[in-house]
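Structure first, then comments.
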Amino acid sequence: MINQDWITSVLNGKKTAYQYFLDENKNSVFQIFIRYTKSQDEATAKTEECFVEIYNQLQDYNGNVTKRLFELVLSKLPKKNNSVLERVSVPFSHNPSHERMEQVIRNLPENEKISLLLSFLYQNEDEVAEILGISTIDLKDSVNLAKEYVRKETIKELPFLGEECLHISELESYFQDEIALSNKTKVEDHLEFCPTCREVIKMLDMQEKKLELLIRLPKEDENFNERLMQKITPYSPKKTKNHFWKYQSFLVGVIVTVSLIIISILPTISTWTTMIGNYMTYGTIYNVWKKGTYTATDNDITVEINSIEIDPIHMVVSYDLASDIKDVNNTTFNHIKIEAVDSNGKSYPLETSWSHTELEDFPKGLDDNKIFIRPLIDEPLPNEFTLQLTFSLLNGWRGNWEILIPVDYQKGMNEIEVIQLQEVITIDDKVEVELFSLEKGLNGNRLTYDVRFTEEESKRLEEISTMEDMGYFHPDLYHINHVIALVNEENEYIIPINYTADYYGLNRLNRGIQKPYQLTFNNMLTDKDYINYLGEAQEDSTYFVEVKRIHYSDPGGEYTFHIPLSPKIDEPFEYDLDGFVTEKLTVEKN
């Protein structure tokens, strides 16, 4: 849907209405230019240039302005890929895996690179193909080639595929939904009984989510709109003639219409009574929470939305499956795409996760069909929107189940309990874990914290990085791997919700500024090994934060020795290795 209201306002002299278009597209444009330029400042300059040109063309252009914007962006990209580097600096991330993936993205062949970026940042497949001047089939091929190359270069090791397993290319084709219909059933039958191939599919899914999250970084700075507003001049508003007789005719028409509506309503008063009852119960005229209202049926299977629960941490959608002739009780794979779309047609990306790991004695059906949803990387959602759920695979059965649900998001944004922790834990005099807060919501909890080197250790790492014989070392490459858990008074562990952004630490990256980590948990309990299901947490539970594991590399522990390869027994060999002293050396031939 193309919203023209803001264009009318702009052409009538209200230039601030242009900010709607800026907010909708500025990050996507910036995220394309950042992959073709040498600095964020250069990418910002090109982004501003494009939006100024589009603004100045509004009076003479009647087509799809968003499409025109991205056509302009492509015209300003370098004709050759000048961003190919042996090593890419990623100022908005301090994680080596992000740096490696960013390098792979920038070094892709030009056709695959721009196809991949637009597939995530523009999302309208037909219009992307038109912008690139290719067919949708060629576009899909380019995107899949790019994803395959990124996978090969960034996934270090896939599970070992045995003789009975499917070939990796077949699993990739299935995951990308590019497999022939005749082979889909064969693959899905195999996946049901092959945990190794299921693990490969899971890794492909995680890698694609990580790819999308990284491509959607960084974001433009908060002063972008203000700077751009200073570079554009308001249009002179057009004068309109006063057609008072048309207004009178319109008023008569409205009166007649209202009279007809009043007459037609009287026989259906019972329907209005039901709707008012829903309003009193759920706080909205929409019957969002009532069973049987939001359903879709395909391939002899019906999916029905049971409830939508909202709090400031996330949304939780629960659904049921039913079929008279097919078994839908075996929990295998459910593929679902979820978007939030506002009244202007703008789509807001969402991140989804299922709520529990594969616990051995988890009660069947308790939480199999519950989806946790939140905005992608702090992308704010509007007060009201339509939640679009599209299922393409339900417990191994292919189909197309699409459900549209009007959501009054603001009604769920009630206050939640926030516990300020404000505590710093120091480990080995080298690592600090700072606990900021714990938020307790209706459907889970969110812990905000940070893990970093102490000030003294950071200085030591900087000194090491400047040593002549440590020229290869960069302190950002020494990432602190850690595992943080939430525990109650009975030493029972709260099960985390594995959002991809949390898992890879991407929720803390934004234009060079490192934000604290956030971890999200549900209200279910397990043991310390995350094997057994122990029930539901109580509302008044007291929680503790446990640092289960801290792991980091010490570049100061890397040394070079010159040892003659000749037999020696207990010869003097005295070296001081940062407090560890060697005394003797023995060299034996096997």
Check your understanding: Conditions: (1) under 29 Å from I531 (Cα atoms); (2) modelled with pLDDT under 80. T293 meets all but one. Number of the miss?
Key -> (1)
Review point. Where residues in the stretch 1-43 are surrounded by fewer than 21 Cβ atoms within 10 Å (Cβ to Cβ) and β-branched (V, I, T), which of them is farthest from P218 (Cα to Cα)?
Key: T8
Check your understanding: S437 fails exactly one of the following numbered conditions: (1) surrounded by fewer than 16 Cβ atoms within 10 Å (Cβ to Cβ); (2) part of a strand (DSSP E or B); (3) in contact (Cβ under 8 Å) with a residue 24 or more places away in the chain; (4) not acidic (D, E). What is the number of that condition?
Key -> (3)
**Study point:** Candidates K219, K209 - the one that is outside any helix (DSSP H, G or I) and either touching a residue at least 40 places away in the same chain (Cβ under 8 Å) or acidic (D, E) (or both)
**Key:** K219
Check your understanding: If only one of S97, S89, S75 is modelled with pLDDT under 90, out of contact with any Phe, Trp or Tyr (no Cβ under 8 Å at 6 or more places or on another chain), small (G, A, S) and on the phi < 0 side of the Ramachandran plot, which one is it?
Key -> S89
Check your understanding: Does E188 satisfy being in contact with a helix residue (DSSP H, G or I) (Cβ under 9 Å, 6 or more places away or on another chain), touching a residue at least 60 places away in the same chain (Cβ under 8 Å) and part of a helix (DSSP H, G or I)?
Key -> yes
Exercise for review: Any residue in the stretch 572-584 that's at pLDDT 70 or above: show its pairings with residues that are acidic (D, E) and in a strand (DSSP E or B) at Cβ separation under 6 Å, as long as the two are six or more apart or on different chains.
Suggested key: K584/D570
Review point. Would you say F544 is modelled with pLDDT of 75 or more, among the aromatic types (F, W, Y), open to solvent by 100 Å² or more (accessible area, probe 1.4 Å) and under 41 Å from the mean Cα position of the chain (by Cα)?
Key: yes
Study note, to complete from the structure: Going through (1) touching a strand residue (DSSP E or B) at 6+ places or on another chain (Cβ under 9 Å); (2) within 28 Å of N481 (Cβ to Cβ); (3) not in a helix (DSSP H, G or I) one by one, T390 fails only at (2)
Point to revise | Every residue from the stretch 496-515 that is within 23 Å of E417 (Cα to Cα) and either aliphatic (A, V, I, L, M) or modelled with pLDDT of 85 or more (or both) | key: P496, I497
Exercise for review: Can you run down the residue pairs with Cβ atoms below 9 Å, 6 or more apart or on separate chains, where the first is in the stretch 397-420 and in a loop (DSSP other than H, G, I, E, B) and the partner is open to solvent by 80 Å² or more (accessible area, probe 1.4 Å)?
Suggested key: M413/N383; N414/L442; I416/L442
Point to revise | Identity of the residue in the stretch 160-174, in contact with a helix residue (DSSP H, G or I) (Cβ under 9 Å, 6 or more places away or on another chain) and open to solvent by 40 Å² or more (accessible area, probe 1.4 Å), that ends up modelled with the lowest pLDDT | key: F160
Point to revise | For T66: the one exception among (1) open to solvent by less than 10 Å² (accessible area, probe 1.4 Å); (2) under 25 Å from the mean Cα position of the chain (by Cα); (3) β-branched (V, I, T) | key: (1)
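Please go through the stretch 524-540 and give me each residue that is open to solvent by less than 40 Å² (accessible area, probe 1.4 Å) and either under 30 Å from F30 (Cα atoms) or modelled with pLDDT of 85 or more (or both), ordered by number.
Within the stretch 524-540, M524, L525, T526, D527, G535, A537 meet the criteria.
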Point to revise | Subset of the stretch 172-185 [closer than 22 Å to S353 by Cβ and in a helix (DSSP H, G or I)] | key: Y174, F175
**Study point:** Matching entry among I377, I373 (being of a type in the set (V, I, T), open to solvent by less than 50 Å² (accessible area, probe 1.4 Å) and at pLDDT 85 or above)
**Key:** I373
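Filter the stretch 16-61 for residues that are in a loop (DSSP other than H, G, I, E, B) and either within 23 Å of the chain's Cα centre (by Cα) or over 24 Å from S119 (Cβ atoms) (or both) and give the result.
I34, R35, Y36, K38, S39, Y61
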Check your understanding: When you go through E148, E130 one by one, which is the residue that is open to solvent by 30 Å² or more (accessible area, probe 1.4 Å) and in contact (Cβ under 8 Å) with a residue 60 or more places away in the chain?
Key -> E130
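The values are calculated or read from the model by the stated rules, or taken from the named source; none is laboratory data. Source: prediction; values computed, not measured. Cβ atoms come from the backbone with ideal geometry, glycine included; neighbour counts cover every protein chain shown. Note: accessible area is taken over every heavy atom of the protein model, side chains too, but ligands, DNA and RNA are not part of it. Shrake-Rupley method; radii C 1.70, N 1.55, O 1.52, S 1.80 Å.
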